[in-house]
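Novice: One structure, pasted below without further comment.
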Amino acid sequence: MYRYDEFDAAYVRERVAQFRDQTQRRIDGRLTEDEYKPLRLQNGLYLQLHAYMLRVAIPYGTLSSRQMRALAEIAERWDRGYGHFTTRQNIQFNWTRLSDVGDILDHLAAVEMHAIQTSGNCIRNVTADHFAGAAADEIEDPRPTAELIRQWSTAHPEFAFLPRKFKVAVTGSPNDRAVTRSHDIGLRMLRDANGAPGYEVIVGGGMGRTPMVGKVMRGFLPRAELLPYLEAILRVYNLHGRRDNKYKARIKILVHETGEAEIREQVEAEFRSILANGGAAHLPGEAELARIAAYFAPPALPERSAVSDREEDARTFDPVFAAWAEVNTTPHGVAGYAIATVSLKAIGASPGDATASQMRALADMADRYSQGELRISHEQNVILPHVARDDLPALHAALLREELAEANSGLISDIIACPGLDYCALATARSIPIAQDISRRFSDGPRARAIGEFRIKISGCINACGHHHMGHVGILGLEKAGVESYQITLGGDHTENAAIGERVGPGLGAEEVGPAIERLVDAYLDLRASPEERFVDVCRRLGLAPFKAAIYREDKRDAA
Amino acid sequence: MARSFVPSIVSANDLMIGDVVYLDASGGWTRSLAEAAVAHDAETAERLAALADQPGAVVGPYLADVALDGPVPRPLHFREAFRASGPSHRPDLKRHSE
Ligand code: SF4
């Protein structure tokens with residue numbers, strides 16, 4: 001895990017003290033709301049429908065058990081006993097009081113966390129593969145790169161007032177779990193023909209009102225040149241990105257309107273100019289890269305045999321464990337270990353919410369079974385990255401006690417949902433109750449497993465925080481004629497085969513969505529060539545027509 | 001303006017807690033819809049809006065349309081109804097109007 005140096009620690013403490021003072025001045029009337037609002041947003045404090053919400057950055061989704069305990073304590077002492085993990089690997093506290101913010105930020109600073117750059121038109125929290133440093137399919141841990149970018153982008157004076165917010169994601173695996181193609185910049189770690197490390201640089205992806213799949217700006221960028229190249233992209237964007245219309249201000253629009261080739265030329269010209277004008281000073285030396293990488297050195301995992309008798313016995317004799325192990329564990333890079341996904345999607349629960357006691361229990365489990373490490377996924381689940389296969393049955397028993405053992409990772413009830421109109425001031429409709437309804441309809445584990453991988457993603461407005469464009473099934477909540485109305489898109493994909501879902505037709509009422517999804521699933525089960533053919537594969541093979549018909553057909557069961 | 005045909009109340013978020021409040025007839029703030037001051041005409045709405053300009057107490061006051069078909073003013077827009085009732089996904093988070 002990265003540890004703050006003296007500079008980091010002093011900087012964060014100073015920011016807390018400044019913000020305490022700014023907040024006090026707002027309270028006693030020396031600052032107006034217009035003056036205070038940009039200051040609070042720069043510190044992650046939003047005013048939502050029912051309360052202030054504090055968004056805390058979890059850099060590249062990595063948490064220590066100590067940090068998780070601090071989050072639990074914040075939830076308990078200053079909030080209503082829970083927190084909400086987001087699709088950007090952050091955590092949001094929904095019930096923050098203005099007078100408590102300073103104390104909360106101090107508490108975060110004590111565990112090397114903060115809420116800086118979780119809002120505003122700046123470079124936001126850098127996200128990464130949630131299996132980073134553990135996955136068997138990984139070329140290299142993406143977190144040293146993410147940390148390098150975090151250090152470079154934090155309080156970068158040139159990029160504090162960009163035309164719009166700017167999001168960077170990094171994956172070190174060919175199987176893209178970081179949704180790199182939907183970010184302003186996505187980085188995929190590669191090796192060239194000689195084995196030298198570098199990146200594929202993807203620019204101009206995004207969701208929101210105008211979803212775009214990112215374009216490959218550079219097929220291979222040598223590792224040492226990363227920062228000047230990012231600087232070149234940001235400069236071109238800062239100069240030419242539209243500031244006249246916030247709906248057209250993201251870099252995806254600039255790339256789209258200017259053309260990929262032209263933008264590439266501008267970026268490369270700026271890059272050459274940076275290097276020609278003393279930009280080599282921007283190149284972090286091997287020593288600095290090694291210093292950062294050392295914080296992410298793989299844990300010294302005791303050697304174990306690849307097959308665990310204890311796990312195999314439990315799989316044989318305990319069907320509940322067997323189902324969980326089948327669905328919620330992923331191969332680890334080290335033999336005898338597994339990555340465990342802890343679902344925050346119990347049937348009928350609010351996606352991504354965890355109570356203080358669950359957070360504390362997860363911290364204890366991380367200490368006991370996962371080298372004190374946790375990860376937050378963009379899918380709003382918690383990952384225990386380094387679990388000995390021998391320990392999986394005991395871990396599962398502990399998860400059962402905390403109601404965290406839902407065996408649904410990647411299945412139809414593992415739904416991404418943004419806070420929507422239950423919290424969010426920008427929302428046009430609710431998201432969470434739609435997720436709850438669908439989840440209850442597919443509560444039968446064997447049925448859900450028979451359906452297989454099925455990604456439903458729900459957003460409560462066009463901003464698309466719930467990634468609906470890239471769901472196999474996307475659900476977008478809008479307002480139509482004074483009521484909530486839900487648009488369905490099909491065929492989206494968040495992986496390396498990124499695709500934007502296609503809208504199938506008119507919006508559905510809130511109570512019509514669940515039955516429509518049931519009909520859709522029935523149609524899929526009828527149409528698939530084999531159990532291995534996923535819903536999204538059938539969409540590709542047959543097109544959307546049969547599924548449109550299923551969604552809009554009058555359903556006799558529900559009409560009755 | 002057509003607005004004068006629709007009764008309205010003033011809502012805002014409390015500065016310190018951030019929760020939903022309504023302007024009452026005395027120019028104070030209440031968490032109870034029943035105690036919210038109702039404007040039945042444009043002039044009263046304007047007067048309430050002016051009265052609500054209290055940056056030391058609240059953030060973002062605005063007029064919200066209501067129907068007067070029950071014991072308490074009923075917000076017409078569903079967003080306003082959700083603000084009044086609190087999050088809908090967990091019964092324990094519901095707002096209890098005093
Ligand atoms: S998608 Fe819209 S409703 Fe959902 S969290 Fe984002 S801004 Fe709020």
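The values are calculated or read from the model by the stated rules, or taken from the named source; none is laboratory data. Owing to the predicted nature of the structure, the values given are computational and were not obtained by experimental measurement. Counting neighbours? That spans all protein chains shown, and the Cβs are built from the backbone with ideal geometry, glycine included. For the accessible areas, the whole protein counts, side chains as well, though only heavy atoms, and no ligand, DNA or RNA atoms are used. Shrake-Rupley method; radii C 1.70, N 1.55, O 1.52, S 1.80 Å.
Novice: Got at least one residue in the stretch A:427-450 being more than 20 Å from residue A:485 (Cα to Cα), in contact with a strand residue (DSSP E or B) (Cβ under 7 Å, 6 or more places away or on another chain) and hydrophobic (A, V, I, L, M, F, W, C)?
Specialist: Among the residues of the stretch A:427-450, not one is more than 20 Å from residue A:485 (Cα to Cα), in contact with a strand residue (DSSP E or B) (Cβ under 7 Å, 6 or more places away or on another chain) and hydrophobic (A, V, I, L, M, F, W, C), which makes the answer no.
Novice: With A:137, A:100 as the choices, which residue is at pLDDT 95 or above, part of a helix (DSSP H, G or I) and surrounded by fewer than 23 Cβ atoms within 10 Å (Cβ to Cβ)?
Specialist: Checking each option against the conditions leaves just A:100.
Novice: Anything in the stretch A:447-478 that is surrounded by fewer than 20 Cβ atoms within 10 Å (Cβ to Cβ) and either within 14 Å of another protein chain (Cβ to nearest Cβ) or within 16 Å of the ligand (Cβ to nearest atom) (or both)? List them, or say none.
Specialist: A:462, A:463, A:478
Novice: Testing residue A:80 on (1) within 27 Å of residue B:79 (Cα to Cα); (2) open to solvent by 10 Å² or more (accessible area, probe 1.4 Å); (3) not in a loop (DSSP other than H, G, I, E, B), one condition comes back false. Which one is that?
Specialist: It fails just one condition, (3).
Novice: Filter the stretch A:5-26 down to the residues that are in contact with a helix residue (DSSP H, G or I) (Cβ under 7 Å, 6 or more places away or on another chain) and either in the same structural domain as residue A:386 (by TED's automatic domain parsing) or in contact (Cβ under 8 Å) with a residue 40 or more places away in the chain (or both) and list them by number.
Specialist: Passing the criteria: A:12, A:13, A:16, A:19, A:20, A:23, A:26.
Novice: Let me ask something else about it. Name every residue in the stretch A:479-488 that is closer than 23 Å to residue A:378 by Cβ and within 14 Å of another protein chain (Cβ to nearest Cβ), in order of residue number. Walk me through it before giving the result.
Specialist: Quick first cut of the stretch A:479-488, residues closer than 23 Å to residue A:378 by Cβ only: A:486-488.
A:486, the sole residue that qualifies.
Novice: Is the stretch A:419-437 home to any residue that is more than 16 Å from the ligand (Cβ to nearest atom), within 11 Å of chain B (Cβ to nearest Cβ) and either modelled with pLDDT of 95 or more or under 19 Å from the mean Cα position of the chain (by Cα) (or both)? I'd like the intermediate steps shown before the answer.
Specialist: Here is the first cut: in the stretch A:419-437, the residues more than 16 Å from the ligand (Cβ to nearest atom) are A:437.
Restricting the remaining residues to those that are within 11 Å of chain B (Cβ to nearest Cβ) gives A:437.
Cutting the leftovers down to either modelled with pLDDT of 95 or more or under 19 Å from the mean Cα position of the chain (by Cα) (or both) gives us A:437.
Yes, there is a match, as at least one residue in the stretch A:419-437 is more than 16 Å from the ligand (Cβ to nearest atom), within 11 Å of chain B (Cβ to nearest Cβ) and either modelled with pLDDT of 95 or more or under 19 Å from the mean Cα position of the chain (by Cα) (or both).
Novice: If I filter the stretch A:505-525 for residues that are within 16 Å of the ligand (Cβ to nearest atom) and within 14 Å of another protein chain (Cβ to nearest Cβ), do I get at least one hit?
Specialist: The answer is yes; a qualifying residue exists.
Novice: Go through the stretch B:7-30 and give me each residue that's open to solvent by less than 30 Å² (accessible area, probe 1.4 Å), away from every other protein chain (no Cβ under 14 Å), among the aliphatic types (A, V, I, L, M) and without any contact (Cβ under 8 Å) to a residue 40 or more places away in the chain.
Specialist: B:23
Novice: Do you know which residues across the stretch B:45-78 are farther than 13 Å from residue B:12 by Cα and of a type in the set (D, E, K, R)?
Specialist: B:46, B:47, B:65, B:69, B:74
Novice: Return only the number of the condition from (1) touching a Gly at 6+ places or on another chain (Cβ under 8 Å); (2) part of a helix (DSSP H, G or I) that residue A:116 does not satisfy.
Specialist: (2)
Novice: Report, by residue number, each residue of the stretch B:49-98 that is in contact with a strand residue (DSSP E or B) (Cβ under 9 Å, 6 or more places away or on another chain), more than 13 Å from chain A (Cβ to nearest Cβ) and open to solvent by 30 Å² or more (accessible area, probe 1.4 Å).
Specialist: Residues satisfying the conditions are B:49, B:51, B:63, B:68, B:72, B:74, B:98.
Novice: Do we have residue A:150 as within 18 Å of residue A:233 (Cβ to Cβ) and of a type in the set (Lys, Arg) here?
Specialist: Working: within 18 Å of residue A:233 (Cβ to Cβ): yes; of a type in the set (Lys, Arg): yes.
Judged against the criteria, residue A:150 is a match.
Novice: Given the structure, is residue A:57 modelled with pLDDT of 95 or more and over 26 Å from the mean Cα position of the chain (by Cα)?
Specialist: On the way: modelled with pLDDT of 95 or more: yes; over 26 Å from the mean Cα position of the chain (by Cα): no.
Spelling it out, it is not the case that residue A:57 is modelled with pLDDT of 95 or more and over 26 Å from the mean Cα position of the chain (by Cα).
Matching residues to (1) within 24 Å of residue A:64 (Cβ to Cβ); (2) more than 16 Å from the ligand (Cβ to nearest atom); (3) touching a Lys or Arg at 6+ places or on another chain (Cβ under 9 Å):
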| residue | (1), (2), (3) |
| --- | --- |
| A:342 | yes, yes, no |
| A:346 | no, yes, no |
| A:390 | yes, yes, yes |
| A:396 | yes, yes, no |
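Novice: Given the options A:119, A:153, name the one that is of a type in the set (Gly, Ala, Ser), surrounded by fewer than 24 Cβ atoms within 10 Å (Cβ to Cβ), farther than 23 Å from residue A:260 by Cα and within 16 Å of the chain's Cα centre (by Cα).
Specialist: Going through A:119, A:153 in turn, just one is of a type in the set (Gly, Ala, Ser), surrounded by fewer than 24 Cβ atoms within 10 Å (Cβ to Cβ), farther than 23 Å from residue A:260 by Cα and within 16 Å of the chain's Cα centre (by Cα): A:119.
Novice: Identify all residues within the stretch A:17-59 that are part of a helix (DSSP H, G or I), open to solvent by less than 10 Å² (accessible area, probe 1.4 Å) and away from chain B (no Cβ under 14 Å); write none if there are none.
Specialist: The answer is A:19, and nothing else.
Novice: Given the residues A:414, A:444, which is the only one that is more than 14 Å from chain B (Cβ to nearest Cβ), under 21 Å from the mean Cα position of the chain (by Cα) and away from the ligand (no atom under 16 Å from the Cβ)?
Specialist: Exactly one of A:414, A:444 is more than 14 Å from chain B (Cβ to nearest Cβ), under 21 Å from the mean Cα position of the chain (by Cα) and away from the ligand (no atom under 16 Å from the Cβ), namely A:414.
Novice: Looking only at the stretch A:479-493, filter to residues that are among the aliphatic types (A, V, I, L, M) and open to solvent by less than 10 Å² (accessible area, probe 1.4 Å); which one of those is nearest to the ligand (Cβ to nearest atom)?
Specialist: A:488
Novice: Could I ask something else about it? Considering each residue of the stretch A:166-196, count those that are free of Cβ contacts under 8 Å to residues at least 60 places away in the same chain and surrounded by fewer than 17 Cβ atoms within 10 Å (Cβ to Cβ), and give that number.
Specialist: Residues flagged as free of Cβ contacts under 8 Å to residues at least 60 places away in the same chain and surrounded by fewer than 17 Cβ atoms within 10 Å (Cβ to Cβ) within the stretch A:166-196 amount to 6.
Novice: Anything in the stretch B:66-92 that is in a loop (DSSP other than H, G, I, E, B) and touching a residue at least 60 places away in the same chain (Cβ under 8 Å)? List them, or say none.
Specialist: Answer for the stretch B:66-92, where residues must be in a loop (DSSP other than H, G, I, E, B) and touching a residue at least 60 places away in the same chain (Cβ under 8 Å): B:68, B:73, B:76.
Novice: Can you pull out the residues in the stretch A:227-253 that are surrounded by fewer than 20 Cβ atoms within 10 Å (Cβ to Cβ) and hydrophobic (A, V, I, L, M, F, W, C)?
Specialist: Passing the criteria: A:227, A:239, A:249.
Novice: Consider the stretch A:291-309. How many of its residues are part of a helix (DSSP H, G or I) and under 24 Å from residue A:393 (Cβ atoms)?
Specialist: Qualifying residue count, the stretch A:291-309: 1.
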